[in-house]
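Inspection log for the structure reproduced underneath, given as structure tokens.
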Amino acid sequence: MGDLNDIKKKRGIGHLDSPKMPFDYFNREYGTVPRDTKRAPFQWVSEVAYKNVHRIVSRGYDTTELMEEGYGVVDVLFVDYQARIPLIEEEQMLNYVMILALEDGLSPPAAMSRIVARTKTFLTQAAAASILAFGHAYGAYSAFGNRLEKYLKKADAEKLSLAEAAARLIKDWAAKEPESLGVSNLMLKDPAAKRMIARAEKLGVAGKYIGFMKEIVKAAQNQSKEPVDLDMLGATGAVMMDLGFSAEATWAILAVTRALAAGAHYIEEIERNPYMRLGEALTPKEDYDGPADRPVPPLKDRAKVARSGICKSVDEWAKAREERKKLVGSGYAVVEEIEDPSKKSGIKKVGKL
Amino acid sequence: MDRDPVLPRKTAISYKTEEKTVMRGYNLSDLAEEGYSFCDALFVLYQGRIPPEAEEKMLKYEMGVFLEHSMSPSAVAAIGVSAGRPNLPCAIAAAVSTFGGVHGPGAAHGYMLNKYLERAHREGKTPEEMARTLVDEYMDAEKPVMGMGQPQHIDSDPRAEPIHVKQEDLELEGVYLKFQRELERHFHERRKREGRSRVGVNVVGSGNTALMEIGFSPMAGWCLGSVCRGWSCAAHALFNMKKGRAWGASRNEPMVQMIDLSMIKYVGPEDRVVPKQEERQEYARKQKEEGEYKKWAI
């Protein structure tokens, strides 16, 4: 491909021959990368499941054999996520949790499913959209569960009682992330969360997470000026972790459980309402509180009316940033830290030639 | 605190107050307290009724056997999305979204059965007679018969026949199973007669037959199957997020990764020069006239 590079070099391409470039652009090769024969070829590595022409095997158990032996869909969740057959009481408890997680009225997952449904999609698209509604507030299982783990470890390491660890957790997080505590004012009149804990205790599956959650509730009640109590996040999160599910597994299982009902919301939406076309939905002016209507300047006046976004000094930048925060929807008022876990994982033991 | 519904709607599915959540008339907490199973709750949700034990068992079996399918398009989507390390629900949503016209088309199979059963009703035929008509019409038109064949389980889908047998064992044989069994029998017979290889029933053909027999609509059946697969895909995504290498291209892994550069096989137009803006109009006109680009347009 030397010829092509020569032709391009002679013609020049924008700034690509700039001496500021850290490379000689016209000396870079074309074509795809040859197969790597020094390493093992790619395969789908899995600890979860495999299949061949004749069978599907999850964690060593043939899934058809599992069903034939009288296990069911809820048992397979233990197999898939924990590589074990659950005790009967554990299976009963997970059924209980999933019934409660199935339906939640017109909450975000149902709304997502219905909004997507109205644009005329497949049911699967709408159900999938409902899963996306399980963010760190509505579906705070990851933050909630990992925090429980962290403070239980802290209690061990620092020889704190569960009550002390719970008090510290509430002190550290009640103001910062109230949406993921598992205790709130959401279920002061609804006994469902407390009944779930009582059922776990009755079935003998309650363990350290439920024990700790109870202390968290007490600590929150002591520290809060408003009445608060165990909520559905606290109950389902603690029970799921006592059933052996990780915080992330809990998140996944309950989001999918809810999506099974989001499908019914999709169906009802299209049974009862017409599809919505592009441009059909209006946004009333009374709901608008942005800049007042103004004339679009003629393009020839652009240089006169345009405002630069460049900040030449840090002071200028800081001032502009504060100003920009005032424009709702610009993103300046939101800080979302995204971790990069890429260096922390990898399967070094798999694939050596 | 604003506790209004996210979307104001009239709904016959559920209501939620400060005191309770009620689905199709049943308080969810009471349903769980009474010892009903999650599958029972799905009957309440989609059919507004408590099912007999045998029907609950059938659903438990069907969803259980469908839940995990190792590497299929849905798991691949979940793993692919997880490579960028987004929030876990993104990987699960991607997995569920793969269910379309080919991967687990439960609703389409259901609609096909319903269409021919309606015809049987109209024309005074038995389900068996109409099943044979379906096979002949589809095969004469060279259209694939929905619910038959699986690209990986070429020697009979390990889930499919056992679902039929389970349905029979549970004495849940109705019009759908009669229809589907005859459809399969006639399909096999005709392929044999034509000297073609045997193509077995797949999990949609048998599983969806069972789901419809126990009262689920094609759409509800599709939801139960495709969404329940989300559970296993989440497990595959989680495994990769916790133990696999992010991005899927590291050259430090002993095995070539999923999107290693060497995995690309390019078969598109050859490398070429980008025209200058002053050449553009003439170049573009010629390109359009010659029409070679149409070979690549998608």
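The values are calculated or read from the model by the stated rules, or taken from the named source; none is laboratory data. Bear in mind that the values here come from a model prediction, so they are computed numbers and not experimental data. Cβ: placed from backbone, ideal geometry, glycine included. Neighbour counts: every protein chain shown.
As a summary of the residue check, residue A:143 satisfies the conditions (1) modelled with pLDDT under 95; (2) in a helix (DSSP H, G or I); (3) surrounded by 23 or more Cβ atoms within 10 Å (Cβ to Cβ) except for the one numbered (3).
Let's see how each residue does on (1) assigned to a helix (DSSP H, G or I); (2) surrounded by 10 or more Cβ atoms within 10 Å (Cβ to Cβ); (3) of a type in the set (Lys, Arg); (4) within 32 Å of the chain's Cα centre (by Cα):
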{"position": "A:277", "(1), (2), (3), (4)": "no, yes, yes, yes"}
{"position": "A:283", "(1), (2), (3), (4)": "no, no, no, yes"}
{"position": "A:286", "(1), (2), (3), (4)": "yes, no, no, no"}
{"position": "A:292", "(1), (2), (3), (4)": "no, no, no, no"}
{"position": "A:295", "(1), (2), (3), (4)": "no, no, no, no"}
{"position": "A:308", "(1), (2), (3), (4)": "no, no, no, no"}
{"position": "A:317", "(1), (2), (3), (4)": "yes, yes, no, no"}
{"position": "A:321", "(1), (2), (3), (4)": "yes, yes, yes, yes"}
{"position": "A:329", "(1), (2), (3), (4)": "no, no, no, yes"}
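Considering each residue of region B:26-40 in turn, at least one proves to be within 21 Å of the chain's Cα centre (by Cα) and not in a loop (DSSP other than H, G, I, E, B).
For (1) of a type in the set (Ser, Thr, Tyr); (2) at the interface with chain A (Cβ under 9 Å from one of its Cβ atoms), each residue gets a yes or a no:
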site: B:8; (1), (2): no, yes
site: B:17; (1), (2): yes, yes
site: B:54; (1), (2): no, no
site: B:66; (1), (2): no, yes
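If the condition is being among the hydroxyl-bearing types (Ser, Thr, Tyr) and either at the interface with chain A (Cβ under 7 Å from one of its Cβ atoms) or touching a residue at least 40 places away in the same chain (Cβ under 8 Å) (or both), then region B:23-35 contributes only B:29. Of everything in region A:67-99 that is more than 29 Å from the chain's Cα centre (by Cα) and crowded, with 21+ Cβ neighbours inside 10 Å, the residue that is farthest from the other protein chains (Cβ to nearest Cβ) is A:71.
Number of residues in region B:44-101 that are crowded, with 17+ Cβ neighbours inside 10 Å, outside any helix (DSSP H, G or I) and among the basic types (Lys, Arg) equals 1. Only a single criterion out of (1) more than 30 Å from residue A:95 (Cβ to Cβ); (2) within 14 Å of chain B (Cβ to nearest Cβ); (3) modelled with pLDDT of 95 or more is not satisfied by residue A:304, namely (2).
Scanning region B:243-265 for residues that are assigned to a helix (DSSP H, G or I) and within 7 Å of another protein chain (Cβ to nearest Cβ) gives B:243, B:246, B:247, B:261, B:262, B:263.
Of everything listed in (1) buried (at least 16 other Cβ atoms within 10 Å of the Cβ); (2) on the phi > 0 side of the Ramachandran plot; (3) of a type outside the set (A, V, I, L, M, F, W, C), the single unmet condition for residue B:124 is (1).
Condition check for residue A:258 on (1) closer than 27 Å to residue A:131 by Cα; (2) surrounded by fewer than 24 Cβ atoms within 10 Å (Cβ to Cβ); (3) more than 9 Å from every other protein chain (Cβ to nearest Cβ): one failure, at (2). Does region A:101-109 contain any residue that is out of contact with any strand residue (DSSP E or B) (no Cβ under 6 Å at 6 or more places or on another chain) and of a type in the set (Gly, Ala, Ser)? Yes: one or more hits.
All of (1) in contact with a strand residue (DSSP E or B) (Cβ under 8 Å, 6 or more places away or on another chain); (2) among the charged types (D, E, K, R); (3) at the interface with chain B (Cβ under 7 Å from one of its Cβ atoms) hold for residue A:59 with one exception: (3). Could you tell me whether any residue of region A:20-37 is in a loop (DSSP other than H, G, I, E, B), more than 7 Å from chain B (Cβ to nearest Cβ) and closer than 30 Å to residue B:241 by Cβ? Yes, region A:20-37 contains at least one residue that is in a loop (DSSP other than H, G, I, E, B), more than 7 Å from chain B (Cβ to nearest Cβ) and closer than 30 Å to residue B:241 by Cβ. Within region B:183-239, which residues are facing chain A (nearest Cβ under 9 Å), buried (at least 24 other Cβ atoms within 10 Å of the Cβ) and among the aromatic types (Phe, Trp, Tyr)? Answer for region B:183-239, where residues must be facing chain A (nearest Cβ under 9 Å), buried (at least 24 other Cβ atoms within 10 Å of the Cβ) and among the aromatic types (Phe, Trp, Tyr): B:222, B:231.
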